[in-house]
Amino acid sequence: MGFRKCGSNNVPESAREVFFKELRSGSSQSAAATVAGVSHQTGSQWARAAGIPADLQHRGVRYPAVVREAFWAAMRSGASTIEAAVIAGVSENTGVVWVQKAGYVPRTPACAVIEIDGERRPRAPLSFTERCRLEDLLEAGYLPAVAAERLDRHRSTVVREIAKGMTVSGYRARVGQDSADRNRQRPKPRRLESHPVLLAEVVARLKKRHSPEQVAYRLRLDYPDDPEMWVSHETIYQALYVQPRGELARLVKTALRTGRVRRKSQGRNTAGQGKIRDMVHISERPAEAEDRAIPGHWEGDLIIGAGQQSAIGTLVERSTGFVVLLHLAGDRTAATLAAAMSIKIPEIPEILRRSLTWDQGSEMALHTKITEATGLPIYFCDPHSPWQRGTNENTNGLLRQYFPKGTDLSFYGPGWLDQVAAELNARPRKRLGWRTPAEELDRLLSDPSTFVAATA
């Protein structure tokens, strides 16, 4: 966390300031170093250089109950040991000791919890996916009998599984999976470990931020005559989360969409909403846009950066999910957005410029000028109705993999945005039969009948 591997000479001055601020508040050197995001050794060097004596007065000190409660509350909410230590104001080492003494096992990452395979064989062993779902149900307070019903499993199967995966912190899917693997006693190597070519292909696609499910189904499309290049998404999840090794171990925290949620409001100024002049309501949008059968109807929005000072414009085609990103230089005013759209939208083929749906944010105050410059009619959603732009909302969630919340978005230039858009457009999508948005758009454009209904 933080700057732990940077060395004391490469750590920003802000971290040093945080360290000494924590010392002045009464924290130990170790706790102050953890909060500042540096190692204990770096903190000790800073203290010695400042003439602060060795940190002996904190040794053997018992933290009050309120500190321990704050630490465990953070752990139960899904925080790592270091993050929980920062929240509680104790050192990382203290947090590690508490976890070890308690025998606490963290929750399974949420990204491993996916839909259960409906093609499961009768009486088949519980899959890792089912174990993750079971952990989630038990954490939510469901009784074993209800959890068994939700999983479509016999109650006895679930009860035995809970016993195998039980820890002092509750049932854990990884513990249950490890127990099942040991009980199987099979020397059979894991599929990815025994097929280096397949492993390399899976790793390459995970690095492109494709999900395991996208990787699995796309491999079947790309290698229809080579079953050796096929692998289930469950096998990929197992390789990632059950004793991961090598390259896959390094991908666990970077390649998967962990804890992905729908984008929340970024605090956009809504004082001017509803006051946009000459706006056309979404109810007047062509009916052909509703069923997504004809391409060319777009949804748009902004993703907001740190301090609400920067933004990136997003355009998503409703039929294919094809993404276009807008570079907003300097600010996110109506003039800046209009200028960016007047440059970018004409690059889209005219036949694909049928409509654009936006919310009533003040950044669209110059929508009439945008329409004049691009020929793209613009329609406005009802206030506080993100479901009327569902495709765009989902895409903005995907974009947060590249542009995390709290990031200064002005750092990313047009070339970078084009690269991100190209990567998203090359992701296989389940709703497109595992074709990519780029492939689907090319397919629709090559079929003259696609636009017959729109021109009739």
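The values are calculated or read from the model by the stated rules, or taken from the named source; none is laboratory data. The structure presented is a predicted model; accordingly, all values stated were derived computationally and were not measured. Every residue, glycine among them, receives a Cβ derived from its backbone with ideal geometry; neighbour counts consider all protein chains shown.
Of all residues in the range 376-399, those satisfying the criterion of being part of a loop (DSSP other than H, G, I, E, B) and farther than 17 Å from P295 by Cβ are C381, D382, P383, H384, S385.
From the set of residues in the range 328-337 that are buried (at least 20 other Cβ atoms within 10 Å of the Cβ) and of a type outside the set (D, E, K, R), which is nearest to L424 (Cα to Cα)? Filtering first and then ranking leaves L328. Say we look at the range 191-219 and pick out the residues that are surrounded by 15 or more Cβ atoms within 10 Å (Cβ to Cβ) and of a type in the set (D, E, K, R); which of these is nearest to E130 (Cα to Cα)? That would be E213.
Of all residues in the range 125-142, those satisfying the criterion of being closer than 18 Å to H154 by Cβ and part of a helix (DSSP H, G or I) are T129, E130, R131, R133, L134, L137, L138.
Would you check if T108 is among the β-branched types (V, I, T) and at pLDDT below 70?
Working: among the β-branched types (V, I, T): yes; at pLDDT below 70: yes.
It is true that T108 is among the β-branched types (V, I, T) and at pLDDT below 70.
The residue that is modelled with the lowest pLDDT, among those in the range 352-409 that are more than 23 Å from R209 (Cβ to Cβ) and charged (D, E, K, R), is D382. Beta carbons closer than 6 Å, at least 6 apart along the sequence or on distinct chains, pair a first residue in the range 372-387 that is within 27 Å of E347 (Cα to Cα) and in contact (Cβ under 8 Å) with a residue 40 or more places away in the chain with a second that is assigned to a loop (DSSP other than H, G, I, E, B) and of a type in the set (K, R) for L376/R353; Y379/R285.
When K344 is tested against (1) surrounded by fewer than 17 Cβ atoms within 10 Å (Cβ to Cβ); (2) in contact with a strand residue (DSSP E or B) (Cβ under 8 Å, 6 or more places away or on another chain), exactly one condition is not met: (1). Scan the range 154-199 for residues that are modelled with pLDDT under 85, of a type in the set (K, R) and in a helix (DSSP H, G or I) and the total you get is 4.
The rows are residues; the columns are (1) farther than 25 Å from R16 by Cα; (2) at pLDDT below 85; (3) surrounded by fewer than 15 Cβ atoms within 10 Å (Cβ to Cβ).
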{"position": "V96", "(1), (2), (3)": "no, yes, yes"}
{"position": "A102", "(1), (2), (3)": "yes, yes, yes"}
{"position": "A147", "(1), (2), (3)": "yes, no, no"}
{"position": "L151", "(1), (2), (3)": "yes, no, no"}
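Screening M364 on (1) crowded, with 20+ Cβ neighbours inside 10 Å; (2) under 18 Å from F322 (Cα atoms); (3) in contact (Cβ under 8 Å) with a residue 60 or more places away in the chain shows it passes everything except condition (2).
Applying the criterion of being under 23 Å from the mean Cα position of the chain (by Cα) and under 15 Å from L315 (Cα atoms) to the residues of the range 375-391, the residue that is surrounded by the fewest Cβ atoms within 10 Å (Cβ to Cβ) is G390. Candidates in the range 426-447 are the residues that are under 18 Å from the mean Cα position of the chain (by Cα) and outside any helix (DSSP H, G or I); of these, the one that is surrounded by the fewest Cβ atoms within 10 Å (Cβ to Cβ) is A426.
Take the residues of the range 403-425 that are in a loop (DSSP other than H, G, I, E, B) and surrounded by 14 or more Cβ atoms within 10 Å (Cβ to Cβ): which is nearest to the chain's Cα centre (by Cα)?
Among residues in the range 403-425 that are in a loop (DSSP other than H, G, I, E, B) and surrounded by 14 or more Cβ atoms within 10 Å (Cβ to Cβ), the one nearest to the chain's Cα centre (by Cα) is F403.
Counting residues that are at pLDDT below 80, which helices (runs of 4 or more DSSP H) fully inside the range 1-78 reach at least 3?
On the way: elements: 13-24, 29-36, 40-49, 65-76.
Because the criterion is at least 3 residues that are at pLDDT below 80, the helices (runs of 4 or more DSSP H) in the range 1-78 that meet it are 13-24, 29-36, 40-49.
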